[in-house]
């Protein structure tokens, strides 16, 4: 019998699928006019960022994220920046502002998708990420988000499946 913890059970649906995604190539730098805020799980929002982040786009993203926190009562927001082609001081500062605004709304913000190149750039620019929570992969960020919201992720063994030919009747 399970104790009073919430439990989320997941398994890979595509064995052998690469765990990491590739960062955006420079030709993928298209301005985006809307920010997708996805309800990943109860209390967890996912915000995939890609392309170029300028002041206008960062402000729009912040407004959209904060509105979704208000609507859903989300306690955790994952800001996935793997698709962001490059980070400069301005972009880093925008991300920090989004994280702080989420905090003021009562949500923890996790930045995921930090590539080695972006990490190096942030360090070289001297940007202090302070107590901002980061994870390299989206998978790690999701695991942390579940933990922060009281969910537990456990692996389950795959149930035995029958393979049937097209047109074959069940039990045949």
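Since every read-out is calculated from the coordinates, none of them should be taken as a lab result. Computed from a predicted structure; not experimentally measured.
To the nearest µm²/s, what D does Stokes-Einstein give for the stretch 23-149 at 20 °C and 1.002 mPa s, using the Kirkwood radius over alpha carbon pairs as Rh?
Working: Rh = 14.4 Å.
Stokes-Einstein gives a translational diffusion coefficient of 149 µm²/s.
Can you say what percent of the DSSP beta bridges in the stretch 23-149, counting only those with both residues inside, are antiparallel? Round to 5.
Values: 3 of 18 bridges.
For the stretch 23-149, the DSSP antiparallel bridge percentage is about 15.
Subtracting the Cα-Cα distance from 0.36 nm times the residue separation, let me have the gained length for residue 72 to residue 154 in nm, one decimal.
Working: separation 82, 0.36 × 82 = 29.52 nm, distance 2.52 nm.
Stretched out fully, the residue 72 to residue 154 stretch lengthens by 27.0 nm.
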